[in-house]
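Please treat every number below as a calculation from the coordinates, not as lab data. Please read all numbers here as calculations on a predicted model, not as lab measurements. Every residue, glycine among them, receives a Cβ derived from its backbone with ideal geometry; neighbour counts consider all protein chains shown.
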């Protein structure tokens, strides 16, 4: 299956579920949804949804059942583990632990790190906050990549006791990529390991754990065109084998005994050690399926598709009066198709609400769980983020640019007010929940697409 795109962007890319979804506007009309929020959560690929539907009838207990469906579900989980390892180019001795998401994966690693952790100040909160309870040092990024690497070297040289350096592969605010292999070399020269938050990188560029010589990588399925609820931590097993279990319970133990009213437990090694309880079989299967599909595309077709669209978007945004694109570095060599900006004095939340209510365009507004970075880039002011992906077409890019021109010149075409801290149309005639009890889904165009 291919996604029909306007020229010049034409590649054999899989369709996403809901590609033709239509959404209501405040003027009573309906338009095809323009989803420019894939950095927050990317819609499932049709092949992934088909795989989930295919395996759903095989409902059985994983790893501990003799029945046929139990064997099938166990194979689904373990095959998905191999798919994830292959997708991130893991080494032969690395382990894959299934988690809920990237935040959960970094929280797991935080239980295992045997010393201080160093991060940059431009990180997502998942990376900034995971290390509470242990020594955590934050390096202020410079306005250049080269200067940032120098600052990291200086911190590691001044205090050479760091056990781990944790950085993002691509900024969730600006899309700018960091040179992971260089950072791995810097960390290793100082005796530290490197963890890469690949949530924003993996859907757009190759993750290469072995090629980078990095030690750990964390990612989320819902960024990788799989449904919500599954992620993974991939990397060296020694710290994970020595750590306290992330989730203690059935499946994580070799044996449990009771002596004098207390339990004595022998834990299994990773990954089982950190996957107590019944696993998210469908989540793992979906994540594995997404990795299989993207593994064939992420080196060439995906970057080519997104770079062409991003070039069109940047050219269009440059023509919008008062619009300022945010950037971390003056010398970034590459970036994903994620762009954050401010539009004159208009509040970012008002811009996002108007784009949705009047134009059927979905973007993100706020500080994107990266408050220290936004403090540096905007003085703490909220921004708007447009993030492109496999669902995006040239028409989507042009719709956004046209809508921003209208907002810049005339302001919103509807009335808006702050409701519970968020800008919202007043009145808002759109159905609040088309799936509420008693609602008629057939009255909502596009819901069955």
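Quick one: Cα convex hull volume of the chain, Å³ per residue?
172 Å³
Expressed as an acute angle from 0 to 90° and rounded to the nearest 10, what is the orientation of the C-alpha long axis of helix 180-189 relative to the principal long axis of the chain?
That helix lies at roughly 40 degrees to the long axis.
Please report, in whole Å, how far the alpha carbons of region 77-134 spread along each principal axis, starting with the longest.
Principal extents (largest minus smallest coordinate, Cα): 35, 22, 18 Å.
What spacing in nm lies between the two simple spin-label points modelled at residue 121 and residue 12, each 7 Å away from Cα in the Cβ direction?
Each label point lies 7 Å from its Cα, and together they span 4.8 nm.
Which three extents, in angstrom, do the Cα atoms of region 69-194 have along their principal axes, listed largest first?
Rounded to whole Å, the extents work out to 55, 30, 27 Å.
Under 8 Å for C-alpha pairs, at least 6 residues apart: give me the relative contact order for region 86-143, rounded to a whole percent. List each step's numbers first, then the result.
Values: 45 pairs, mean separation 18.5, N = 58.
Relative contact order of region 86-143: 32 percent.
Among rounded, prolate and oblate, which fits region 305-449 when a ≥ b ≥ c are the square roots of the eigenvalues of its C-alpha gyration tensor, a/c under 1.5 means rounded, and a/b larger than b/c means prolate?
Prolate, because a/c is 1.5 or more and a/b exceeds b/c.
Specify the angular offset, from 0 to 90 degrees and rounded to the nearest 10, of the alpha carbon long axis of helix 348-359 from the longest principal axis of the alpha carbons in the chain.
For 348-359 against the chain, the angle is about 60 degrees.
List the relative contact order of the chain as a percent without decimals, with contacts defined as Cα pairs under 8 Å and 6+ residues apart.
23 percent
Over the chain, with a Gaussian network built from C-alpha contacts below 10 Å, which listed residue (187, 126, 248) shows the highest mean-square fluctuation?
Taking springs between Cα atoms under 10 Å, the residue moving most is 248.
Antiparallel as a % of all DSSP beta bridges within the chain, to the nearest 5?
Just about 65 percent of them are antiparallel.
Among 204-214, 82-92, 47-57, how do they line up by average Cβ neighbours within 10 Å per residue, starting with the highest?
Going from most to least packed, we get 204-214, 82-92, 47-57.
Calculate, in whole percent, how much of the Cα-Cα pair population of region 255-348 lies beyond 19 Å. Intermediate results must be reported in sequence, preceding the final value.
Working: 3004 of 4371 pairs.
Of all Cα-Cα distances in region 255-348, 69 percent exceed 19 Å.
Which length gain, in nm to one decimal place, applies between residue 256 and residue 333 when the Cα-Cα distance is subtracted from 0.36 nm times their residue separation?
Residue separation times 0.36 nm, minus the Cα-Cα distance, leaves 22.4 nm.
Let me know the Kirkwood hydrodynamic radius for region 48-295, please, with Cα pairs as the basis and the value in Å to one decimal.
About 18.7 Å for region 48-295.
Restricting the count to DSSP beta bridges whose residues both fall in region 32-182, what percent are antiparallel, rounded to a multiple of 5?
Once the DSSP bridges in region 32-182 are tallied, antiparallel ones form about 10 percent.
What is the helix-to-structure angle for 68-87, meaning the angle in degrees between its Cα long axis and the longest Cα principal axis of the chain, kept from 0 to 90 and rounded to the nearest 10?
That works out to roughly 70 degrees.
Sort 226-236, 276-286 by the packing proxy (mean of other Cβ within 10 Å over each peptide's residues), most packed first. Please list the in-between numbers first.
Values: 226-236: 25.4, 276-286: 21.5.
So the peptides 226-236, 276-286, ranked by packing, come out 226-236, 276-286.
Working from the pairwise distances between different alpha carbons, so that the mean of 1/r is found and then inverted, what is region 145-264's Kirkwood radius in Å?
16.6 Å
So, R0 is 22 Å and r is the distance between the beta-carbons of residue 181 and residue 375; what FRET efficiency does that work out to, to 0.05?
Result of the calculation: an efficiency of 0.15.
Have a look at 34, 291, 73 and tell me which one the Gaussian network model of the chain (Cα, springs below 10 Å) gives the largest fluctuation.
With Cα springs under 10 Å in the chain, the top fluctuation among 34, 291, 73 is at 73.
Just order 111-118, 147-154, 257-264, 98-105 by mean Cβ neighbour count inside 10 Å, highest at the front, would you?
Highest mean packing first, the order is 98-105, 111-118, 147-154, 257-264.
Cα centroid distance between region 310-380 and region 38-104, in Å?
Between the Cα centres of region 310-380 and region 38-104 lies a distance of 34 Å.
Relative contact order, percent, of region 48-295 when contacts are C-alpha pairs under 8 Å separated by at least 6 residues? Intermediate results must be reported in sequence, preceding the final value.
Working: 498 pairs, mean separation 63.9, N = 248.
It rounds to 26 percent for region 48-295.
Given the -39500 (n - 2.57) contribution per DSSP H run of 4+ residues, what per-residue ellipticity at 222 nm results for the chain, rounded to the nearest 500 deg cm²/dmol?
After summing the helix terms and dividing by residue count, I get -10000 deg cm²/dmol.
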